[in-house]
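Quick notes on the structure that follows.
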Amino acid sequence: DAGVIQSPRHEVTEMGQEVTLRCKPISGHDYLFWYRQTMMRGLELLIYFNNNVPIDDSGMPEDRFSAKMPNASFSTLKIQPSEPRDSAVYFCASTPLTGGRNEQFFGPGTRLTVL
Amino acid sequence: RKEVEQDPGPFNVPEGATVAFNCTYSNSASQSFFWYRQDCRKEPKLLMSVYSSGNEDGRFTAQLNRASQYISLLIRDSKLSDSATYLCVVKGNYQLIWGAGTKLIIKP
């Protein structure tokens, strides 16, 4: 089992540029989560999907952020235009839809730096 | 008030000592509780779930106090490899609510 896969692992970009982060959840997992982690704010949930459908995007900070899940094996988080305050580690996580189980399996994260 | 609160630390503890973390949560209707561990520059990983009757996994003991709305994690005979950030997590209505984490540093 390859686990949750994220790409790129590191991204350095300039303010105003578009950034696209990618995630492949664990096969068979029905839920997918996008998180952002900073020293100041800790781990914040941005959005999550159930069976490819966005359920709660209330954590998405601004309209500059958007997320899609076109199929069960792929999701993207896009920031357009990016700003320096978007610099953070972005994690994707997935979890199976099994009764009582709530463990979330995280990918290695994408470390984003916006200059 | 944050939904899940933890002492940020860091806790500097000598190897072999016992260390305890506490975490408080605000939603009395919360049903599920967890401790995750996050190593430096790595992703969080589930350490253990927390059950109402308390539970133990080797050197780790987790307890839940619903009346006072707090969760605890006890690590006995601490090892250098226990150095990490420990995240308290509470299941809300549909999602997990994460504490900011407590950093633990075990010193030889």
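The values are calculated or read from the model by the stated rules, or taken from the named source; none is laboratory data. All figures in this text were calculated on a predicted structure; none of them were measured in a lab. Glycine gets a Cβ as well: all are built from the backbone with ideal geometry, and neighbour counts include every protein chain shown. Heavy atoms of the whole protein, side chains included, go into the accessibility calculation; ligands, DNA and RNA do not. Shrake-Rupley method; radii C 1.70, N 1.55, O 1.52, S 1.80 Å.
Computed values, structure above
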quantity: Tail weight of P(r) past 25 Å, computed on alpha-carbon pairs of chain A, percent; calculated: 16
quantity: Pairwise label distance in nanometres, A:His10 with A:Asp57, each label 7 Å out on the Cα-Cβ vector; calculated: 3.2
quantity: Within 10 Å of each Cβ in A:37-47, the average number of Cβ atoms from other chains; calculated: 3
quantity: Prolate/oblate/rounded label for the range A:1-45 (Cα gyration tensor, a/c 1.5); calculated: oblate
quantity: Of B:Ala20, B:Ala62, B:Ala29, the one that fluctuates the most in a GNM where chain B has Cα springs shorter than 10 Å; calculated: B:Ala29
quantity: Spin-label proximity, A:Leu115 to the range A:9-50 - amide N less than 19 Å from point 7 Å beyond Cα toward beta carbon; calculated: A:9-20
quantity: In nm, spacing of pseudo-spin labels at B:Asp7 and B:Arg76 (7 Å Cα→C-beta vector); calculated: 2.1
quantity: Average Cα contact separation per residue, chain A, under 8 Å, 6 or more apart, as relative contact order %; calculated: 37
quantity: Cα gyration tensor shape of the range B:29-82, rounded if a/c is under 1.5, else prolate or oblate by comparing a/b with b/c; calculated: oblate
quantity: Förster radius 30 Å - calculated FRET efficiency between A:Gln17 and B:Lys91, Cβ distance, rounded to 0.05; calculated: 0.25
quantity: Summed side-chain charge close to A:Ser75 - residues other than A:Ser75 whose Cβ falls under 10 Å, Lys, Arg +1, Asp, Glu -1; calculated: +3
quantity: Neighbouring partner chain Cβ atoms per residue of B:41-49, average, 10 Å criterion; calculated: 5
quantity: Kirkwood Rh, Cα atoms: Rg over Rh of the range B:1-57; calculated: 0.97
quantity: Globularity index of chain B, i.e. its alpha-carbon radius of gyration over 2.2 N^0.38 Å; calculated: 1.01
quantity: The range B:1-103, accessible surface, carbon-and-sulfur percent (1.4 angstrom probe); calculated: 46
quantity: Of the trypsin sites (Lys or Arg not before Pro) in the range A:1-88, those whose Cβ has at most 15 other Cβ within 10 Å and which sit in DSSP loop; calculated: A:Arg9, A:Arg41, A:Arg64
quantity: Chymotrypsin sites (Phe, Trp or Tyr not before Pro) restricted to DSSP loop in chain B with at most 16 other C-beta within 10 Å; calculated: B:Tyr51, B:Tyr94
quantity: Top positive-direction residue, dipole computed over the protein assembly as shown with Cβ charges, set A:Phe106, B:Ser28, B:Ile71; calculated: B:Ile71
quantity: Accessible-area ranking of A:Glu14, B:Glu43, largest first, probe 1.4 Å; calculated: A:Glu14, B:Glu43
quantity: Distance between modelled label sites at B:Thr18 and A:Met40, nm, 7 Å Cα→Cβ extension; calculated: 4.0
